[in-house]
Amino acid sequence: MAMENVKQFVFVLSAAAAVGFVCIVFVLRWVLYFREGLAWDGGAAEFNWHPVLIVTGFIFLQGIAIVVYRLPWTWSCSKLMMKLIHAGLNLLAFVFAVISLVAVFDFHNAAKIPNMYSLHSWVGLSAVILYALQILLGIGVYLIPITPVSIRAAFMPIHVYSGLFIFTSVVATALMGITEKLIFSLKDPAYKNSPPEATFVNVLGILIVIFGALILWIATRTSWKRPSDQVLHTLHTNGGGEANSKVGPTMSQLSGGGDTEAFGDVRRRSSKLDDQVD
Ligand code: HEM
Ligand code: HEM
């Protein structure tokens, strides 16, 4: 990646990390200062684990997991190592999401509130189920060594699309959940009268949207993609010369991106099909 490109990447990544961190601080301040705190007692403090674990795990950790291949300082690590980190972070985000669901179901059952009546819960549970499927398919296709390279390549655009789609749905679900919670719990003064808690948590919602937007921006820049190990090897040993006789399209070309501005000819000439998908 050209130096200018690296600088831009680091700037957007730092902005995303900072906004994500502030989201976590905001959700903690919401439940600890404005609400009932955190506990596992079947009451409101148990419900509060729901937004806290969603924001820290299902939004922040998932966002980091999505962009982890893009970090230029990890490009010297093996692809397998990066796959394990990507899969591990996504798995951790999933565990947070499941515990957050246990908290809200437990709270509803203890308080005799019906389950699964809201649009928020329908979209949310669908996102969690799709996320589990994405993890299972991701492991099956990219971590099990016997899966043929042709299947890995054919599945990649679907994997990337569904990953970004699920992430976006999670952000939308969080906004619905926040709105519901403010309407339910702010009574006197009501949400419509804009008490300090309402304004504070509205800002949290905006910050979540900004975090989502930055992650989606990073994940859709083809010029910030990890070069294949093959290209790095070629650059190191041959000064970028013609080293590889097996020439094939890169993933960005396969998926219609065609953006080779970062590596130009080198990437186009010396990438084997499996470099980008192994
Ligand atoms: C309830 C999922 C984020 C507030 C629920 C339920 C699910 C769910 C499945 C139904 C539980 C039941 O019926 O017993 C999710 C997912 C989220 C998310 C996947 C990921 C973004 C949030 C956030 C808040 C929130 C950030 C903010 C406080 C609520 C509230 C309920 C609830 C108030 C109870 C009312 C209802 O069932 O709609 N959530 N939630 N959720 N969630 Fe979330
Ligand atoms: C790439 C999402 C689980 C393997 C990606 C990308 C996204 C994504 C958005 C594109 C990243 C980029 O363009 O830089 C997800 C989500 C998952 C998940 C949301 C969990 C629900 C997995 C698992 C594996 C895996 C379990 C197994 C190893 C890969 C591979 C790439 C990838 C090999 C290609 C990276 C490259 O461009 O070289 N994933 N993924 N993913 N993912 Fe996943």
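The values are calculated or read from the model by the stated rules, or taken from the named source; none is laboratory data. As the structure is a computational prediction, the values presented were derived from the model and not from experiment. Positions of Cβ are generated from backbone atoms using ideal geometry, with glycine treated the same way; all protein chains shown enter the neighbour counts. Only protein heavy atoms, including side chains, enter the accessible area calculation; ligands, DNA and RNA are left aside. Shrake-Rupley method; radii C 1.70, N 1.55, O 1.52, S 1.80 Å.
Shape verdict for the range 1-101, please, from the Cα gyration tensor: rounded (a/c under 1.5), prolate (a/b greater than b/c) or oblate. Before the final figure, lay out the partial values.
On the way: a/c = 5.18, a/b = 1.88, b/c = 2.75.
In terms of gyration-tensor shape, oblate.
Leaving out ligands, DNA and RNA, what percent of the accessible area of the range 27-143 is carbon and sulfur, probe 1.4 Å? The partial results should precede the final answer.
Values: 4170 of 5450 Å².
Ligands and nucleic acids excluded, carbon and sulfur give 77 percent.
Calculate, for ALA110 and GLU4, the FRET efficiency according to 1/(1 + (r/R0)^6) with r their C-beta to C-beta distance and R0 41 Å; round to the nearest 0.05.
Details: r = 56 Å, r/R0 = 1.37.
FRET efficiency, ALA110 to GLU4: 0.15.
List the chymotrypsin sites (Phe, Trp or Tyr not before Pro) within the range 95-144 that DSSP assigns to loop and that have no more than 12 neighbouring Cβ atoms inside 10 Å.
Details: sites: PHE96, PHE105, PHE107, TYR117, TRP122, TYR131, TYR142; in loops: TYR117.
Loop-located and lightly packed - TYR117.
Which FRET efficiency value, to the nearest 0.05, is calculated for LEU80 and ASN193 with the Förster distance at 45 angstrom and r the Cβ-Cβ distance? Intermediate results must be reported in sequence, preceding the final value.
Numbers: r = 55 Å, r/R0 = 1.23.
E(calc), rounded to 0.05, equals 0.20.
How much accessible area per residue does the range 3-226 have, in Å², with a 1.4 Å probe? Provide the component values of the computation, followed by the final result.
On the way: 10910 Å² over 224 residues.
Accessible surface, normalised per residue, equals 49 Å².
Quick one: accessible surface of LYS181, probe radius 1.4 Å, all protein chains present, in square angstrom to the nearest 10.
LYS181 has an accessible surface of roughly 30 Å² with all protein chains in place.
How do the peptides 58-66, 198-206 rank, highest first, by the average count of neighbouring beta carbon atoms within 10 Å per residue?
For the peptides 58-66, 198-206, the packing ranking is 58-66, 198-206.
Using 0.36 nm per residue of separation minus the Cα-Cα distance, give me the extension gain between GLU36 and TRP122 in nm, one decimal. Could the numbers behind the result be given before it?
Numbers: separation 86, 0.36 × 86 = 30.96 nm, distance 2.59 nm.
Net length gain for the segment: 28.4 nm.
So if each residue of separation counts as 0.36 nm, and I subtract the Cα-Cα distance between LEU164 and ILE135, what length gain in nm does that give? Provide the component values of the computation, followed by the final result.
Values: separation 29, 0.36 × 29 = 10.44 nm, distance 1.32 nm.
Working it through step by step, the gained length comes to 9.1 nm.
Hey, for a label at ARG29 modelled as a point 7 Å past Cα toward Cβ, could you say which residues of the range 184-211 have their backbone N under 17 Å away?
195-211
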